[in-house]
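For reference, the structure is listed below as structure tokens.
The values are calculated or read from the model by the stated rules, or taken from the named source; none is laboratory data. Quick caveat, the model's predicted, so the values are computed rather than measured. Every residue, glycine among them, receives a Cβ derived from its backbone with ideal geometry; neighbour counts consider all protein chains shown.
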Amino acid sequence: MLSSMTGPTPASAIMHAGFVNAGGVLLARLAPVFAIQQNVMLLIVALGAVSSVLAQAMMLVKADYKGRLGCSTVAQMGFMILQCGLGFFAAAVAHLIIHGFYKAYLFLSTGSQVVKKAPKKKNMATPPSSPRAWRW
């Protein structure tokens, strides 16, 4: 998941949506198989909790915006798996849909974040002007 962040934004967004949706949908579809085995459900809870906490920790040290988006998604996937392990499959599906819309917005707005943080050239020949200055 995190290695998909090195690609262009549209490609990483499509891979992001595929990975997230595939895991959540698979767990929801196989809910009757998992729900009858308590040991498997406890394992799913443990895996979800560990992946959620580790991804949140990784997000704190990521410098790039797309890397933080990827870590955030891994953490949300972990939380969704935790929900499935606790037996809240409907909540996990709702989480999947809401997360998809939210991350689609964030991926589409990534370009504007990159532009806002781009360094600007300083021209020493002309004095700096204030943003309120009128130009006729």
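So the values come out like this:
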item	result
Which numbered condition ALA17 misses (of (1) among the hydrophobic types (A, V, I, L, M, F, W, C); (2) surrounded by fewer than 17 Cβ atoms within 10 Å (Cβ to Cβ); (3) at pLDDT 90 or above)	(3)
Number of the exception - GLY67 against (1) within 26 Å of LEU108 (Cα to Cα); (2) among the small types (Gly, Ala, Ser); (3) free of Cβ contacts under 8 Å to residues at least 60 places away in the same chain	(3)
Answer from LEU54, LEU43, LEU60 - the residue that is among the aliphatic types (A, V, I, L, M), assigned to a helix (DSSP H, G or I), out of contact with any His (no Cβ under 7 Å at 6 or more places or on another chain) and within 21 Å of VAL93 (Cα to Cα)	LEU43
Hits in the range 35-49 (condition: more than 14 Å from MET80 (Cβ to Cβ) and either surrounded by fewer than 11 Cβ atoms within 10 Å (Cβ to Cβ) or not small (Gly, Ala, Ser) (or both))	ILE36, GLN37, GLN38, ASN39, VAL40, MET41, LEU42, LEU43
Index of the failed condition, LEU2 passing every other in (1) modelled with pLDDT of 90 or more; (2) surrounded by fewer than 17 Cβ atoms within 10 Å (Cβ to Cβ)	(1)
